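Asker: Quick one: the structure is below, questions incoming.
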Amino acid sequence: MKITFFFLIVFSSLTFANDAASQVSLVTLNIRSGTLEELISQIEEQTDYLFSFNAEDVDLETNISVHTRNESVESILKRIFNEKRISFKIQGDNIILIKEDETKSIQEQGKKVTGKVTEENGQPLPGVTITVLGSTKGVITDVDGKFEIYNIEPSDKLVFSFIGMESQIIDVGNQDNFKIELSSKSEQLEDVTVVAFGRQKKESVLASITTVKPADLKVPSSNLTTALAGKLSGIISYQRSGEPGQDNAEFFIRGVTTFGYSKSPLILIDGVENTTSDLANLQPDDIASFSIMKDATATALYGARGANGVILVTTKEGVEGKARVSVRFENSISSPTDRVKLADPITYMKLHNEAVLTRDPLGILPYSQEKIDKTIEGKNPLLYPSVDWYNELFKSSTVNQRLNFNVSGGGKVSRYYLAATVNQDNGNLKVDGQNNFNNNIDLKRYQLRSNININITPTTEAIIRFNGVFDDYSGPLDGGSGIYNKVISSNPVLFQPYYKKTTENQYVRHIMFGNYGQGNYVNPYADLIRGYKEYDKTKISAQFEIEQNLDFLLKGLSGRALGSINRYSNASVERFYNPFYYSAIYNYATNQVDLKPLNENEGTEYLDYSEGTKDISSDMYMEGALQYNKVFNKKHSISGLLVYTRREEKVANAGNLQKSLPYRNQGLSGRFTYSHNEKYFSEFNFGYNGSERFAKKERFGFFPSAGLGWIVSKEDFFTPWTDKINVLKLKATYGLVGNDAIGSVDDRFFYISQVNLNDGGRGTVWGERLDYYVNGISIQRYENDLITWETAKKLNVGFELGLFNAINIQADFFREDRENILMNRLRLASMGLESNVSANVGSAYSQGFDASIDFNKYFTEDFWITGRANFTYATGKKKEVEEPDYSDTPWLSAVDRSINQSWGFIAERLFIDEKDVANSPLQTFGEYGPGDIKYRDINGDDKITGLDRVPIGYPTAPEIIYGFGISTGYKNLDFSCFFQGSARSSFWIDTYKTAPFINSGENGKLVNQALLQAYADDYWSENNRNIYALWPRLSDEIVQNNNQLSTWFMQDGTFLRVKSIEFGYSLPKQVIQKIKLDHLRIYISGTNLFTFSNFKIWDPEMGGNGLGYPIQKVVNMGIQLNF
């Protein structure tokens, strides 16, 4: 409630401030024989009004004389323009000047063209000037952004321009209705693509680059990475947890092609390397462009950092014009998409008894029939508890809030973009009123951003960027996922979560938690509320960039320099007490239930304290670039780029001497392009990179790439088909990219050995009494000056196809061959070396294709539809690996197997009876019998051993990710929906964690595991010998035979999800102008609403992590306003 109240106060204050400022409409003027330009200037200085007009129609030198004091602007303009053949319209803060009778005279002639002009967020743009290229003919959009222009020929080109926005030139052709989106000057243009260290015309880009509109990344979540799956072709993405602060999605560009430690793409925000968490923290409102770079020509300039692809994000900058304020507030309700269902306590006891008897008919039953009957009656819950641990620990839903505020504007000299964000994310854990602290997850995130552009001279621009992210977290000691896992580890009929105080213990000052035996069983309720953990994370980034036009040296030459510093810190602390445990015991003497203390000496009534980790790191980045662009004879276009980069990182708590030294890399990169007649394109890139990890002779690597492109649709012979196929472009690229993130993250310098000269674990005892201990020496790594770069050879062939000026299709086919992958040499193990020896002996490849289809159609001025579909298929396999000789058992070889392949046994069925067991190959995994899993003998030796393991299932990471959706609008209403799908992945149910009734130890506590409802509904029993039941014969002990990785518990990770649905309504202009707003939209949205999958136990996207904190389904209400 506090943060909601804070949001409302901020919103009200902003609205009031804007309303007050906009009331200044009385002016005082004293102009004698002045000009119309002088009049406009003085009115704009004294009010919030801005004038829009066609310079060809309005003569700014028109003589004006006016003397007035505190007169309204409207009154002044009516008097002045009465005899000037100029009319005007006041639309909000815009005054539009129009030449009188021009529209009437034009309407009498020729073809009429209509349309609507909006910003990228769909907000109508009034006052946009539309002119016919090469003439003075033009009109201006009305308050709803609509326009009509007459006497237009199909060969005409329309120019759309507005202050602070990039102009657009549109071919009329056979269309008579247009929907135009204008971008801010700081944002990516429709015909411009962000590439490495710069921008290129979209048609000239040969690299495989996918872009997405920032608006498409807006989801009701504080984590941007959860919006990636299915939105961009080329990204394989999935989310395994929904816990606030731990819900980052995992993502890879075109799958995985290495088995080194680094598989993730390089993430650049405003050109500087950042982490996945930094990307997750980004606000879509602050993003100007979002691109992923997939092939060699796209990533070569980033050198060793870009081997796994690049995600490139640029944030918004200010634009010339008055201050424009945008506020977005959301309030959402989140709940699990699915939850693991547990059997009821009565079923639990009955099947626990059965589990004992089916394995040992003479075994002692854990639950008497009396206990079962009394529990069913429910008359004495202290002695006969029946606990729903999920209901005791978790709420069905929780409420979160998000607020984003940004303001931008500026003049010809300086421009600014300022933004502030506050996010409040709560967990769904219950809070006990008996405690005086909150043990639920409470994550507050504050973010500040400032981008300032200053034109120092007409040819020099300086840019200062600042960003700060501050996390304040409080939550349970075990984390959200830890508490969910403990529910699965808890018995529902042994004790109550806690006992209420009675007359006998009314003076007890602590919570009386339930337990059993010696008080050493897991009580998840006690573990939830016995304390809390706090952490504070801070990430501050500062950048300074300067751009210089060098035309005075060489026409088309420019230079740029950038410096960046990042500081990161993280500190945590735990505060807790030791719970007092009690057991309910029936007192026959008093005929009452007594509470017996179980750990009087161990429990505490005060908070203890434990300091957690403290992480501090910093990095500094420098970049310098020279760029040249020139067009010769209007046909030959060339460009060149040279970039030098250097990065240094320091870690305060590194752990050892080598890791405490600064991490450094540097490189020189270049790009050269040539195009002829805007039809034929060529490009050459290179990266010359140095890495500290290799010896001098291997330290630097040269990685070139090249590409060719042809726009077929611009050829003369293609003219007859241009009305149907407006674009046809073919392209191909090939190149090398290096990777130095190989081996282990703990390996700093491969050419230097890692030796511990004071290893307590390798010491010896000396002295006559053997009481003198001397530490010994150990070797963690041998030096190897032959280790070198891992190299990726990337091939990409693609095309772009535009149909009917409404459909755009882009598709790329790719293959990557990864060589020199670092592996441990198995064949040297027999030499008696203390540590492994590594070498660049591995190789792998990946291949596949990705495609996107976009549809954009404006049927009338008020009705439009857009659609988008993405598909990515990427599979990676090992070619060469260091492994034993598997010539006799080729199915054990990893060669030509998926990089994420799993090996296990083929489970044929469950054993029927003892005769079936006796007549089957011997299974060497401990005791087994009827109802246990029967495995296939692969090598025919009549035994089931490790030699019978074969590749099973798909990779654990999906090979196919796809998404499709539509957006549509009618007048002020809009609707959008998006579906996300995943295919060709497998995961396994964890049989150790889900095996029911098992007594085991966990952190000094006994675990008595719960019974999944799915197992209770489908298991093998002596009365129902279903040889294909989900769960084998019950047992109260681990049956190793059934816990082998096999096809029995393998699950298909395929699913299709309704990822998002949104309904919105924008209030009419005539309504919101009364409260001095430019745009006001209210909307309701939802994410992860429905999932279609054959797997029903938990959300299939969580894979094998299904017992953890569930992925969240969110229903969201929001408001977006601009003024």
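The values are calculated or read from the model by the stated rules, or taken from the named source; none is laboratory data. Just so it is clear, the structure is predicted and the values come from calculations on it, not from any experiment. All Cβ positions, glycine included, derive from the backbone under ideal geometry; neighbour counts span all protein chains shown.
Asker: Where residues in region 999-1024 are part of a loop (DSSP other than H, G, I, E, B) and either aromatic (F, W, Y) or under 38 Å from the mean Cα position of the chain (by Cα) (or both), which of them is nearest to Y954 (Cα to Cα)? If you could, list the steps in order and put the result at the bottom.
Answerer: Keep residues of region 999-1024 that are part of a loop (DSSP other than H, G, I, E, B), which gives 1003-1004, 1009-1011, 1018, 1020-1024.
Right, trim to either aromatic (F, W, Y) or under 38 Å from the mean Cα position of the chain (by Cα) (or both) and you get 1003-1004, 1009-1011, 1018, 1020.
Values: N1003: 34, G1004: 37, Q1009: 30, A1010: 29, L1011: 28, D1018: 25, W1020: 27 Å.
Checked region 999-1024; the qualifying residue nearest to Y954 (Cα to Cα) is D1018.
Asker: Of the residues that sit in region 1046-1083 and are modelled with pLDDT of 95 or more and over 31 Å from the mean Cα position of the chain (by Cα), which one is farthest from F978 (Cα to Cα)?
Answerer: Checked region 1046-1083; the qualifying residue farthest from F978 (Cα to Cα) is S1046.
Asker: So which residues in region 706-743 are part of a helix (DSSP H, G or I), polar (S, T, N, Q) and closer than 19 Å to Q810 by Cβ? Please lay out each step first, then the result.
Answerer: If we filter region 706-743 for residues that are part of a helix (DSSP H, G or I), which is where we start, we get 712-714, 716-721.
After this cut, where a residue has to be polar (S, T, N, Q) as well, the list is 713, 719.
Scanning region 706-743 gives a single hit, S713.
Asker: Now for a different question. From the set of residues in region 1033-1042 that are within 20 Å of S902 (Cβ to Cβ) and touching a Phe, Trp or Tyr at 6+ places or on another chain (Cβ under 6 Å), which is surrounded by the most Cβ atoms within 10 Å (Cβ to Cβ)?
Answerer: As a first pass, look at region 1033-1042 and keep what is within 20 Å of S902 (Cβ to Cβ): 1040-1042.
With the extra rule that they be touching a Phe, Trp or Tyr at 6+ places or on another chain (Cβ under 6 Å), the set shrinks to 1040-1041.
Numbers: Q1040: 13, N1041: 20.
Once the filter is applied, the top-ranked residue is N1041.
Asker: Please indicate, with yes or no, whether at least one residue in region 469-476 is surrounded by fewer than 16 Cβ atoms within 10 Å (Cβ to Cβ), in a strand (DSSP E or B), in contact with a strand residue (DSSP E or B) (Cβ under 6 Å, 6 or more places away or on another chain) and of a type outside the set (D, E). Show your work before the answer.
Answerer: Just the residues of region 469-476 that are surrounded by fewer than 16 Cβ atoms within 10 Å (Cβ to Cβ), to begin with: 470, 472.
This time we only want the ones that are in a strand (DSSP E or B), so: 470, 472.
Cutting the leftovers down to in contact with a strand residue (DSSP E or B) (Cβ under 6 Å, 6 or more places away or on another chain) gives us 470, 472.
Retained after the next criterion (residues that are of a type outside the set (D, E)): 470.
Scanning region 469-476, I find at least one residue that is surrounded by fewer than 16 Cβ atoms within 10 Å (Cβ to Cβ), in a strand (DSSP E or B), in contact with a strand residue (DSSP E or B) (Cβ under 6 Å, 6 or more places away or on another chain) and of a type outside the set (D, E), so the answer is yes.
Asker: Considering only residues that are surrounded by fewer than 21 Cβ atoms within 10 Å (Cβ to Cβ) and not polar (S, T, N, Q), look in region 895-906 and name the one that is farthest from the chain's Cα centre (by Cα).
Answerer: My answer is I906.
Asker: Name every residue in region 662-689 that is charged (D, E, K, R) and either assigned to a strand (DSSP E or B) or at negative phi (or both), in order of residue number.
Answerer: Looking only at region 662-689, we keep the residues that are charged (D, E, K, R), and these are 664, 671, 678-679, 683.
Selection gives R664, R671, K679, E683.
Asker: Among the residues of region 112-125 satisfying the criterion of being closer than 12 Å to F160 by Cα and of a type outside the set (D, E, K, R), which is surrounded by the fewest Cβ atoms within 10 Å (Cβ to Cβ)?
Answerer: This residue is T118.
Asker: Could you tell me whether Y384 is crowded, with 18+ Cβ neighbours inside 10 Å, of a type in the set (S, T, Y) and touching a helix residue (DSSP H, G or I) at 6+ places or on another chain (Cβ under 6 Å)? Let's see the steps before the verdict.
Answerer: Numbers: crowded, with 18+ Cβ neighbours inside 10 Å: yes; of a type in the set (S, T, Y): yes; touching a helix residue (DSSP H, G or I) at 6+ places or on another chain (Cβ under 6 Å): yes.
Taking the combined requirement at face value, the residue satisfies it.
Asker: How about region 407-443: which of its residues are within 30 Å of T337 (Cβ to Cβ), in a strand (DSSP E or B) and without any contact (Cβ under 8 Å) to a residue 60 or more places away in the chain? Talk me through it step by step, then tell me what you get.
Answerer: Initially, region 407-443 is screened for residues within 30 Å of T337 (Cβ to Cβ), giving 421-433, 435, 437-443.
In the following step, the residues that additionally are in a strand (DSSP E or B) were identified as 421-426, 429, 442-443.
Passing the criteria: only D442.
Asker: Identify, from the list F544, F552, the residue that is modelled with pLDDT under 95 and within 30 Å of N455 (Cα to Cα).
Answerer: F552
Asker: Let me ask another. Given region 579-633, what strands (runs of 3 or more DSSP E) lie entirely inside it while holding 2 or more residues that are of a type in the set (G, A, S)? Give the derivation first.
Answerer: Details: elements: 580-587, 592-597, 608-632.
The qualifying strands (runs of 3 or more DSSP E) are 580-587, 608-632.
Asker: Still on this structure, I have one more. Which residue is surrounded by the most Cβ atoms within 10 Å (Cβ to Cβ), if the candidates are limited to region 620-657 and must be under 17 Å from N689 (Cα atoms) and of a type in the set (G, A, S)?
Answerer: Result: A625.
Asker: Related question: Against the conditions (1) buried (at least 18 other Cβ atoms within 10 Å of the Cβ); (2) outside any strand (DSSP E or B), where does F703 fall short? Just the number, please.
Answerer: All conditions are met except number (2).
Asker: What residue, of I938, I906, I933, is more than 26 Å from N1024 (Cβ to Cβ), modelled with pLDDT of 95 or more and not hydroxyl-bearing (S, T, Y)?
Answerer: Values: I906 fails: more than 26 Å from N1024 (Cβ to Cβ); I933 fails: more than 26 Å from N1024 (Cβ to Cβ).
One residue alone meets the criteria, I938.
Asker: Which residues, counting only those in region 502-544, are crowded, with 19+ Cβ neighbours inside 10 Å and among the charged types (D, E, K, R)?
Answerer: Scanning region 502-544 gives D527, R530, K533, K537, K539.
Asker: From the residues in region 785-822 that are at pLDDT below 90 and hydrophobic (A, V, I, L, M, F, W, C), which one is farthest from the chain's Cα centre (by Cα)? Break it down into steps so the answer makes sense when it comes.
Answerer: Our first condition is that a residue be at pLDDT below 90; within region 785-822, this holds for 804-806.
Of the ones still in play, those that are also hydrophobic (A, V, I, L, M, F, W, C) are 804, 806.
Numbers: F804: 34, A806: 30 Å.
Restricting to residues being at pLDDT below 90 and hydrophobic (A, V, I, L, M, F, W, C), the top hit is F804.
Asker: Out of N1003, N1043, N1023, I need the residue that is free of Cβ contacts under 8 Å to residues at least 12 places away in the same chain and either of a type in the set (V, I, T) or under 30 Å from G517 (Cα atoms) (or both). Which one? Show your work before the answer.
Answerer: On the way: N1043 fails: free of Cβ contacts under 8 Å to residues at least 12 places away in the same chain; N1023 fails: either of a type in the set (V, I, T) or under 30 Å from G517 (Cα atoms) (or both).
Exactly one residue qualifies, and that residue is N1003.
Asker: Search region 589-645 for residues being closer than 30 Å to Y516 by Cα and of a type in the set (A, V, I, L, M), and hand back the single one that is modelled with the lowest pLDDT.
Answerer: Of everything passing the filter in region 589-645, A589 is modelled with the lowest pLDDT.
Asker: Within region 340-359, does at least one residue satisfy the condition of being touching a Phe, Trp or Tyr at 6+ places or on another chain (Cβ under 8 Å), assigned to a loop (DSSP other than H, G, I, E, B) and surrounded by 15 or more Cβ atoms within 10 Å (Cβ to Cβ)?
Answerer: yes
Asker: Additional query: Quick check on region 587-609: of everything there that is of a type in the set (F, W, Y) and within 43 Å of the chain's Cα centre (by Cα), which residue is surrounded by the most Cβ atoms within 10 Å (Cβ to Cβ)?
Answerer: Residues of region 587-609 of a type in the set (F, W, Y): 588, 606, 609.
Remaining after also requiring within 43 Å of the chain's Cα centre (by Cα): 606, 609.
Working: Y606: 8, Y609: 10.
Checked region 587-609; the qualifying residue surrounded by the most Cβ atoms within 10 Å (Cβ to Cβ) is Y609.
Asker: Inside region 27-92, counting only strands (runs of 3 or more DSSP E) that do not spill past its ends, which hold 3 or more residues that are over 50 Å from the mean Cα position of the chain (by Cα), at pLDDT 80 or above and not aromatic (F, W, Y)? It would help to see each step written out before you state the result.
Answerer: Details: elements: 50-52, 63-72, 86-91.
So the answer is 63-72.
Asker: Go through region 907-933 and report how many residues are in contact with a Ser or Thr (Cβ under 7 Å, 6 or more places away or on another chain) and among the small types (G, A, S).
Answerer: 1
Asker: I'd like the full set of residues that are loosely packed, with under 14 Cβ neighbours inside 10 Å and in a loop (DSSP other than H, G, I, E, B), limited to region 366-380. Even if it seems obvious, please write down each step before you answer.
Answerer: Of the residues in region 366-380, the ones loosely packed, with under 14 Cβ neighbours inside 10 Å are 368-370, 373, 376-380.
Those that are loosely packed, with under 14 Cβ neighbours inside 10 Å and in a loop (DSSP other than H, G, I, E, B): S368, G378, K379, N380.
Asker: Also, quick follow-up: If a residue counts only when it is among the small types (G, A, S) and either out of contact with any strand residue (DSSP E or B) (no Cβ under 6 Å at 6 or more places or on another chain) or on the phi < 0 side of the Ramachandran plot (or both), which strands (runs of 3 or more DSSP E) contained entirely in region 1025-1108 have at least 2 such residues? Show your work before the answer.
Answerer: On the way: elements: 1050-1052, 1055-1066, 1079-1092.
Of the strands (runs of 3 or more DSSP E) lying wholly inside region 1025-1108, those with at least 2 residues that are among the small types (G, A, S) and either out of contact with any strand residue (DSSP E or B) (no Cβ under 6 Å at 6 or more places or on another chain) or on the phi < 0 side of the Ramachandran plot (or both) span 1055-1066, 1079-1092.
Asker: Filter region 235-247 for residues that are farther than 17 Å from T337 by Cβ and surrounded by fewer than 24 Cβ atoms within 10 Å (Cβ to Cβ) and give the result.
Answerer: Here is the first cut: in region 235-247, the residues farther than 17 Å from T337 by Cβ are 235-236, 245.
Listed by number, the list holds a single entry, G245.
Asker: Test each condition in (1) touching a Gly at 6+ places or on another chain (Cβ under 9 Å); (2) part of a strand (DSSP E or B); (3) modelled with pLDDT under 95 for I452 and report the one that comes out false.
Answerer: Here I452 meets the rest and fails (3).
Asker: Being of a type in the set (S, T, Y) and at pLDDT below 95: is that true of Y581 here? Can you show your working first?
Answerer: Numbers: of a type in the set (S, T, Y): yes; at pLDDT below 95: no.
No; evaluated as a whole, the condition is false for this residue.
Asker: Same structure again: Can T141 be described as hydroxyl-bearing (S, T, Y), over 22 Å from F1123 (Cα atoms), buried (at least 19 other Cβ atoms within 10 Å of the Cβ) and over 34 Å from the mean Cα position of the chain (by Cα)? Before the answer, list the steps.
Answerer: Details: hydroxyl-bearing (S, T, Y): yes; over 22 Å from F1123 (Cα atoms): no; buried (at least 19 other Cβ atoms within 10 Å of the Cβ): yes; over 34 Å from the mean Cα position of the chain (by Cα): yes.
No, not satisfied.
Asker: Inside region 136-166, can you point out the residues that are outside any strand (DSSP E or B), closer than 18 Å to P124 by Cβ and among the polar types (S, T, N, Q)? Steps first, please.
Answerer: Step one: list which residues in region 136-166 are outside any strand (DSSP E or B), which gives 136-137, 141-145, 153-156, 162-164, 166.
Right, trim to closer than 18 Å to P124 by Cβ and you get 141-145, 162-164, 166.
Passing the criteria: only T141.
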